[in-house]
C-alpha cells in the first residue's frame with residue numbers, strides 16, 4: 001500500500017494535482033448548489049407574497 | 001462613401017482640437033521604452049536583440065491606453081444615438097472612428113519608432129522592417145481595440161476592463177510583428193510573417209467593424 | 001431547439017435530467033479514478049507521473065468545450081434573443097474557467113518532474129493560459145454592468161469575437177512556439193496511449209462532461225429564477241409606486 005502513496009517517488013506531484021482538481025471542482029459544486037438553493041428560496045418567498053396579494057385583490 | 005469622409009473629418013477635428021492626446025500617447029510610448037535599458041542594462045547587443053519585442057509591446061500598450069475615449073464622449077453626450085439613427089451604416093461610423101484613432105495613435109507611434117531605434121541600437125534595415133510591421137499591425141490593433149472600447153460603454157471601470165478584453169486578442173499581432181523583425185535581424189526572409197500580419201489585418205477589418213457596430217447598438221439601447 | 005428556449009419548459013427539463021447527470025458523474029469519475037490511480041500501468045518513461053494525465057487532459061478538453069458552449073449559446077442569444085441561451089453562456093463561463101485553471105496547474109505539476117520546470121512555454125499550455133484570460137475577460141465584462149441584461153448582451157458579443165479568435169491564437173502560438181523552441185525542453189508530447197490508459201482517460205473525460213452538465217443546469221436554473229425575482233421586484237415597485 002505504501003508504494004501506492006509514494007507514487008514511485010512522484011507523490012508530491014501526483015497527489016497535489018488530484019487534490020487541487022478536487023478542490024476546484026468542489027468549489028464549483030458548492031457555489032452552483034448554493035446559488036440555486038438561494039434563488040429557489042427567495043423565489044418561493046416572493047411568489048407566496050405575490051399570490052397572497054393577488055388572492056386579496058380577487 | 002462621402003459620409004465616411006464627413007465622419008472622419010469630424011473625428012479628426014475633435015481629435016486634433018485636443019492635440020495633446022496623441023502627444024501623450026507618444027510620450028508614454030517613448031518613456032516606457034526608455035525605462036527598459038534601466039531595467040535590462042545598457043548592453044547594446046542585448047538591447048538590440050530585445051528591441052523589436054520592447055517596441056511592439058509598448059506600442060500595443062500605448063494604442064490600448066487611448067482606446068477608452070474612442071466612443072466614450074459620444075456615448076455620454078448622446079451623440080452616439082444620433083449617429084446610429086443616421087441612414088449611413090453604423091460600420092461606416094466605426095470605420096471613421098478607427099481611422100481617426102489610427103491617425104492619432106498608430107501614426108505618431110511610427111513617427112517615434114526611429115528615435116527608439118537609436119536608443120535601442122537597432123540598425124537601419126531592421127528599423128525599416130519594424131516600421132513596416134507597425135504600419136500593418138497598428139491598424140489591426142485599432143480595429144480589435146475598437147470592439148473592446150464599444151463593449152465597455154456604460155460599464156463600471158471601463159478603462160481597466162478594456163485591457164482585459166483586448167490584450168489576449170492582440171497576441172497574434174504581437175507574435176507575427178515581432179517574429180517578422182526578428183527574422184530580419186537574423187537575416188532570414190521576413191516577408192512571410194509580414195504577409196500573415198497583413199492577413200490578420202484583413203481579417204480584423206470585418207470582425208472589428210461588425211462586432212463594434214453590434215456592440216454600439218447594444219450600448220445605445 | 002425542442003422548446004428549451006422557453007424558461008418554464010427548461011426548468012422542468014433541468015429538474016428531470018439533472019439527477020441522472022449527477023449519478024452518471026459519480027459512476028464515471030469514481031470508476032475513472034479507481035482504474036486511473038490503482039488499476040492501470042505506470043508509463044515506462046514517465047513512471048507514475050503519467051497518472052496526472054487523467055485529470056490534466058480531461059480538464060483541458062472541458063476548458064475548450066465549455067468555451068465552445070459559451071460561444072454557441074452567445075451566438076444563439078444574439079441572433080434569436082433567447083434569454084435562456086444567455087443564461088447558459090453565463091453559467092458556462094465560471095465552470096470553463098475552473099477547468100482551465102485545473103489544466104494549467106496540473107500541467108505545471110506534471111511539467112516539473114518531466115521537463116524540470118514549473119512553467120514551460122509549451123504551445124498547448126500557453127494557449128490554455130490565453131484561454132483562461134479570455135474567460136476572465138468574459139466574466140469581468142458580464143459582471144461590469146448594473147443592468148444584468150446589458151451585461152449579458154455585451155459579453156455575448158465578446159464570447160463570439162473571442163471564439164473567432166481562438167484558432168488564430170492557437171495558430172500563432174504554435175508557430176511562435178516552434179520558432180522559439182528552447183533546445184533543452186524535450187517535447188514529450190502526448191504519450192501514444194495504450195488501451196490500459198485510454199479507458200480511465202475516457203471515463204474521466206466523460207465524467208467531467210457530465211459533472212459540467214450537472215452544474216451548468218443548476219446555474220441556468222438559478223439564473224432563470226434570478227430573472228424572475230428581479231421582474232417580481234420591479235412589478236412590486238411599480239405596483240405600489
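The values are calculated or read from the model by the stated rules, or taken from the named source; none is laboratory data. It should be emphasised that the depicted structure is a prediction, and the values quoted were computed from it without experimental measurement. Positions of Cβ are generated from backbone atoms using ideal geometry, with glycine treated the same way; all protein chains shown enter the neighbour counts.
Just name the residue that is farthest from the other protein chains (Cβ to nearest Cβ) out of those in region B:134-160 that are in contact (Cβ under 8 Å) with a residue 12 or more places away in the chain and more than 14 Å from the chain's Cα centre (by Cα). Don't jump to the end; show me each part of the working.
Going residue by residue through region B:134-160, those that are in contact (Cβ under 8 Å) with a residue 12 or more places away in the chain are B:134-154, B:158-159.
Restricting the remaining residues to those that are more than 14 Å from the chain's Cα centre (by Cα) gives B:150-154, B:158-159.
Working: B:150: 9, B:151: 5, B:152: 7, B:153: 8, B:154: 6, B:158: 8, B:159: 11 Å.
Looking at the filtered set, the residue picked out is B:159.
Candidates C:106, C:49: the one that is in contact with a strand residue (DSSP E or B) (Cβ under 9 Å, 6 or more places away or on another chain), facing chain A (nearest Cβ under 9 Å) and crowded, with 21+ Cβ neighbours inside 10 Å is C:49. Scanning region A:8-24 for residues that are facing chain C (nearest Cβ under 7 Å), assigned to a helix (DSSP H, G or I) and more than 17 Å from the chain's Cα centre (by Cα) gives A:8, A:13, A:14, A:16, A:17, A:18.
Yes or no, residue by residue, for (1) in contact with a strand residue (DSSP E or B) (Cβ under 8 Å, 6 or more places away or on another chain); (2) in a helix (DSSP H, G or I); (3) crowded, with 22+ Cβ neighbours inside 10 Å; (4) modelled with pLDDT of 90 or more:
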| position | (1), (2), (3), (4) |
| --- | --- |
| C:186 | no, no, no, no |
| C:189 | no, no, no, no |
| C:192 | no, no, no, no |
| C:198 | no, yes, no, no |
| C:215 | no, yes, yes, yes |
| C:220 | no, yes, yes, yes |
| C:227 | no, yes, no, yes |
| C:231 | no, yes, no, no |
| C:234 | no, yes, no, no |
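Would it be correct to say that residue C:40 is more than 19 Å from the chain's Cα centre (by Cα) and outside any helix (DSSP H, G or I)?
On the way: more than 19 Å from the chain's Cα centre (by Cα): yes; outside any helix (DSSP H, G or I): yes.
So residue C:40 fits the description; yes.
For region C:131-143, taking the residues that are within 9 Å of chain B (Cβ to nearest Cβ) and crowded, with 22+ Cβ neighbours inside 10 Å, the one that is nearest to the chain's Cα centre (by Cα) is identified as C:131. Selection over region B:168-218 of residues that are more than 8 Å from every other protein chain (Cβ to nearest Cβ) and closer than 30 Å to residue B:72 by Cβ gives a count of 17. Residue A:27 falls short of the stated requirement of being facing another protein chain (nearest Cβ under 7 Å), within 24 Å of the chain's Cα centre (by Cα) and either closer than 25 Å to residue C:220 by Cβ or touching a residue at least 12 places away in the same chain (Cβ under 8 Å) (or both). Within region B:197-221, being over 12 Å from residue C:161 (Cβ atoms), buried (at least 17 other Cβ atoms within 10 Å of the Cβ) and free of Cβ contacts under 8 Å to residues at least 24 places away in the same chain holds for one residue alone: B:218.
When each of C:67, C:54 is tested for being at pLDDT 95 or above, within 13 Å of another protein chain (Cβ to nearest Cβ) and part of a helix (DSSP H, G or I), the lone residue that passes is C:67.
State whether the residues of region C:113-125 include one that is closer than 20 Å to residue B:200 by Cβ and assigned to a helix (DSSP H, G or I). Talk me through it step by step, then tell me what you get.
Going residue by residue through region C:113-125, those that are closer than 20 Å to residue B:200 by Cβ are C:123.
Now restrict to residues that are assigned to a helix (DSSP H, G or I): C:123.
So far as region C:113-125 goes, yes, one or more of its residues are closer than 20 Å to residue B:200 by Cβ and assigned to a helix (DSSP H, G or I).
Can you find even one residue in region B:17-29 that is under 19 Å from residue B:178 (Cα atoms) and buried (at least 21 other Cβ atoms within 10 Å of the Cβ)? Let's see the steps before the verdict.
Within region B:17-29, the first condition is being under 19 Å from residue B:178 (Cα atoms), and the residues that meet it are B:29.
Those left that are additionally buried (at least 21 other Cβ atoms within 10 Å of the Cβ): B:29.
Checked region B:17-29: at least one residue is under 19 Å from residue B:178 (Cα atoms) and buried (at least 21 other Cβ atoms within 10 Å of the Cβ).
Does residue C:21 count as touching a residue at least 40 places away in the same chain (Cβ under 8 Å), touching a helix residue (DSSP H, G or I) at 6+ places or on another chain (Cβ under 6 Å) and closer than 21 Å to residue A:21 by Cβ? Taking the combined requirement at face value, the residue satisfies it. The conditions of being within 22 Å of residue B:197 (Cα to Cα), at pLDDT 95 or above, within 16 Å of the chain's Cα centre (by Cα) and part of a helix (DSSP H, G or I) are met by residue B:131. Against the definition (within 10 Å of another protein chain (Cβ to nearest Cβ) and in contact (Cβ under 8 Å) with a residue 12 or more places away in the chain), how does residue C:98 come out, yes or no? Criteria not met by residue C:98. Note on region C:144-165: residues that are more than 8 Å from chain B (Cβ to nearest Cβ), in a helix (DSSP H, G or I) and surrounded by fewer than 19 Cβ atoms within 10 Å (Cβ to Cβ) amount to 3.
Within region B:75-83, is there a residue that is away from chain C (no Cβ under 14 Å) and closer than 25 Å to residue B:53 by Cβ?
Of the residues in region B:75-83, the ones away from chain C (no Cβ under 14 Å) are B:76-83.
Then keep just the ones that are closer than 25 Å to residue B:53 by Cβ; that gives none.
Checked against the condition, which is being away from chain C (no Cβ under 14 Å) and closer than 25 Å to residue B:53 by Cβ, region B:75-83 yields no hits at all.
When residue C:74 is tested against (1) in contact (Cβ under 8 Å) with a residue 12 or more places away in the chain; (2) farther than 30 Å from residue C:161 by Cα, only condition (2) is not met.
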